[in-house]
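**Student:** Once you've had a glance at the structure underneath, I'll fire off some questions.
The values are calculated or read from the model by the stated rules, or taken from the named source; none is laboratory data. Just so we're clear, the structure is a prediction, and the values are computed from it rather than from any experiment. Heads up, the Cβs are rebuilt from the backbone with ideal geometry, glycines too, and the neighbour counts pull from every protein chain shown.
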Amino acid sequence: MAMTALANKHKTPLQEVFERYHVGWETKSPDLIASLHSEDTVFHVHDGSAAVHGREALRQRCIDTFAKFDFSFEMGRRFYGDEHWVFEWTMVLALKEPGGAPFTAGVEMLDVVTVNSRGEVTRKDVYMNGGEAQAAFARAGIQR
(Lines give C-alpha, C1' and ligand atoms only; values in the text may rest on other atoms or scores of the structure.)
Protein backbone atom coordinates (compact mmCIF):
# COMPACT_ATOMS: atom_id res chain seq x y z
CA MET A 1 0.00 0.00 0.00
CA ALA A 2 2.79 2.43 0.84
CA MET A 3 4.37 1.79 -2.55
CA THR A 4 1.14 2.71 -4.36
CA ALA A 5 0.79 5.92 -2.36
CA LEU A 6 4.40 6.79 -3.11
CA ALA A 7 3.94 6.07 -6.81
CA ASN A 8 0.85 8.31 -6.89
CA LYS A 9 2.80 11.21 -5.39
CA HIS A 10 5.14 11.22 -8.36
CA LYS A 11 2.51 11.38 -11.10
CA THR A 12 2.52 14.45 -13.27
CA PRO A 13 -0.72 16.40 -13.87
CA LEU A 14 -0.72 15.03 -17.43
CA GLN A 15 -0.50 11.44 -16.16
CA GLU A 16 -3.41 12.15 -13.81
CA VAL A 17 -5.47 13.48 -16.74
CA PHE A 18 -4.62 10.32 -18.70
CA GLU A 19 -5.79 8.11 -15.85
CA ARG A 20 -9.14 9.92 -15.47
CA TYR A 21 -9.57 9.92 -19.24
CA HIS A 22 -8.80 6.23 -19.54
CA VAL A 23 -11.37 5.43 -16.84
CA GLY A 24 -13.96 7.12 -19.07
CA TRP A 25 -13.06 4.83 -21.96
CA GLU A 26 -12.76 1.69 -19.81
CA THR A 27 -16.19 2.30 -18.26
CA LYS A 28 -17.62 3.51 -21.59
CA SER A 29 -18.86 6.77 -20.08
CA PRO A 30 -19.54 9.35 -22.83
CA ASP A 31 -20.28 12.00 -20.19
CA LEU A 32 -16.96 11.49 -18.37
CA ILE A 33 -14.99 11.42 -21.62
CA ALA A 34 -16.67 14.57 -22.93
CA SER A 35 -16.17 16.37 -19.61
CA LEU A 36 -12.42 15.99 -20.02
CA HIS A 37 -12.43 17.60 -23.49
CA SER A 38 -12.39 21.31 -24.32
CA GLU A 39 -15.49 22.89 -25.88
CA ASP A 40 -13.64 23.22 -29.22
CA THR A 41 -12.09 19.75 -29.13
CA VAL A 42 -11.28 17.73 -32.24
CA PHE A 43 -11.60 13.94 -32.19
CA HIS A 44 -10.42 12.10 -35.29
CA VAL A 45 -10.32 8.37 -35.86
CA HIS A 46 -8.15 7.99 -38.94
CA ASP A 47 -10.20 5.24 -40.56
CA GLY A 48 -11.67 7.26 -43.40
CA SER A 49 -14.33 8.89 -41.23
CA ALA A 50 -14.57 12.63 -40.72
CA ALA A 51 -13.19 14.36 -37.65
CA VAL A 52 -15.66 15.30 -34.92
CA HIS A 53 -15.60 18.93 -33.73
CA GLY A 54 -16.85 20.03 -30.33
CA ARG A 55 -17.54 18.44 -26.97
CA GLU A 56 -21.17 17.52 -27.62
CA ALA A 57 -20.39 15.98 -31.02
CA LEU A 58 -17.64 13.94 -29.36
CA ARG A 59 -20.06 12.78 -26.65
CA GLN A 60 -22.51 11.63 -29.34
CA ARG A 61 -19.73 9.82 -31.27
CA CYS A 62 -18.87 7.95 -28.07
CA ILE A 63 -22.52 6.98 -27.52
CA ASP A 64 -22.73 5.69 -31.10
CA THR A 65 -19.41 3.82 -30.89
CA PHE A 66 -20.25 2.13 -27.59
CA ALA A 67 -23.67 1.08 -28.93
CA LYS A 68 -22.14 -0.36 -32.11
CA PHE A 69 -19.00 -2.10 -30.81
CA ASP A 70 -18.23 -4.26 -27.79
CA PHE A 71 -14.55 -3.74 -27.09
CA SER A 72 -12.00 -3.66 -24.31
CA PHE A 73 -8.39 -2.55 -24.01
CA GLU A 74 -5.01 -4.16 -23.70
CA MET A 75 -2.71 -1.46 -22.41
CA GLY A 76 0.54 -0.76 -24.19
CA ARG A 77 3.23 1.87 -23.87
CA ARG A 78 2.57 5.49 -22.91
CA PHE A 79 4.83 8.42 -23.67
CA TYR A 80 4.28 11.85 -22.13
CA GLY A 81 5.43 15.19 -23.54
CA ASP A 82 4.86 18.71 -22.28
CA GLU A 83 1.23 18.93 -23.43
CA HIS A 84 0.51 15.56 -25.00
CA TRP A 85 0.66 11.82 -24.63
CA VAL A 86 1.03 8.98 -27.07
CA PHE A 87 -0.67 5.73 -26.09
CA GLU A 88 -0.20 2.36 -27.78
CA TRP A 89 -2.98 -0.10 -27.08
CA THR A 90 -4.86 -3.02 -28.56
CA MET A 91 -8.58 -2.85 -29.11
CA VAL A 92 -10.06 -6.25 -28.31
CA LEU A 93 -13.34 -6.57 -30.21
CA ALA A 94 -16.05 -9.10 -29.42
CA LEU A 95 -17.62 -9.78 -32.81
CA LYS A 96 -19.81 -12.38 -34.51
CA GLU A 97 -19.41 -14.00 -37.90
CA PRO A 98 -22.38 -13.59 -40.26
CA GLY A 99 -23.54 -17.08 -39.19
CA GLY A 100 -23.57 -15.99 -35.55
CA ALA A 101 -20.38 -17.67 -34.29
CA PRO A 102 -18.63 -15.34 -31.82
CA PHE A 103 -14.97 -14.46 -32.17
CA THR A 104 -12.48 -12.02 -30.70
CA ALA A 105 -10.25 -9.81 -32.79
CA GLY A 106 -7.35 -7.62 -31.74
CA VAL A 107 -6.53 -4.38 -33.54
CA GLU A 108 -3.40 -2.42 -32.71
CA MET A 109 -4.19 1.23 -31.97
CA LEU A 110 -2.24 4.44 -31.37
CA ASP A 111 -3.64 7.58 -29.74
CA VAL A 112 -2.00 11.00 -29.97
CA VAL A 113 -3.67 13.31 -27.45
CA THR A 114 -3.05 17.04 -26.91
CA VAL A 115 -3.99 18.64 -23.59
CA ASN A 116 -4.21 22.37 -22.80
CA SER A 117 -2.96 24.13 -19.67
CA ARG A 118 -6.36 23.60 -17.98
CA GLY A 119 -5.98 19.82 -18.33
CA GLU A 120 -8.59 19.54 -21.10
CA VAL A 121 -8.12 17.30 -24.10
CA THR A 122 -8.10 19.62 -27.12
CA ARG A 123 -7.40 17.00 -29.77
CA LYS A 124 -7.34 13.24 -29.99
CA ASP A 125 -6.12 11.45 -33.10
CA VAL A 126 -6.64 7.69 -33.20
CA TYR A 127 -4.73 5.53 -35.66
CA MET A 128 -5.48 1.85 -36.17
CA ASN A 129 -3.73 -1.02 -37.85
CA GLY A 130 -5.76 -0.99 -41.05
CA GLY A 131 -5.02 -4.57 -42.04
CA GLU A 132 -6.10 -5.96 -38.68
CA ALA A 133 -9.25 -3.81 -38.62
CA GLN A 134 -10.18 -4.73 -42.18
CA ALA A 135 -9.71 -8.45 -41.51
CA ALA A 136 -11.81 -8.32 -38.30
CA PHE A 137 -14.66 -6.36 -39.86
CA ALA A 138 -14.65 -8.48 -43.02
CA ARG A 139 -14.88 -11.67 -40.95
CA ALA A 140 -17.85 -10.13 -39.10
CA GLY A 141 -19.49 -9.07 -42.37
CA ILE A 142 -19.27 -5.38 -41.42
CA GLN A 143 -18.94 -3.01 -44.36
CA ARG A 144 -16.57 -0.10 -43.62
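**Student:** Is it true that Gly76 is at pLDDT 95 or above, within 13 Å of the chain's Cα centre (by Cα) and either surrounded by fewer than 15 Cβ atoms within 10 Å (Cβ to Cβ) or under 20 Å from Arg139 (Cβ atoms) (or both)?
**Tutor:** Taking the combined requirement at face value, the residue satisfies it.
**Student:** So, in the range 101-134, how many residues would count as being without any contact (Cβ under 8 Å) to a residue 60 or more places away in the chain and under 19 Å from Phe71 (Cβ atoms)?
**Tutor:** Qualifying residue count, the range 101-134: 15.
**Student:** Next question. Take Trp89 and decide whether it is in a helix (DSSP H, G or I), closer than 17 Å to Val112 by Cα, modelled with pLDDT of 95 or more and not polar (S, T, N, Q).
**Tutor:** no
**Student:** Restricting to the range 28-44, count the residues that are under 13 Å from the mean Cα position of the chain (by Cα) and polar (S, T, N, Q).
**Tutor:** 1
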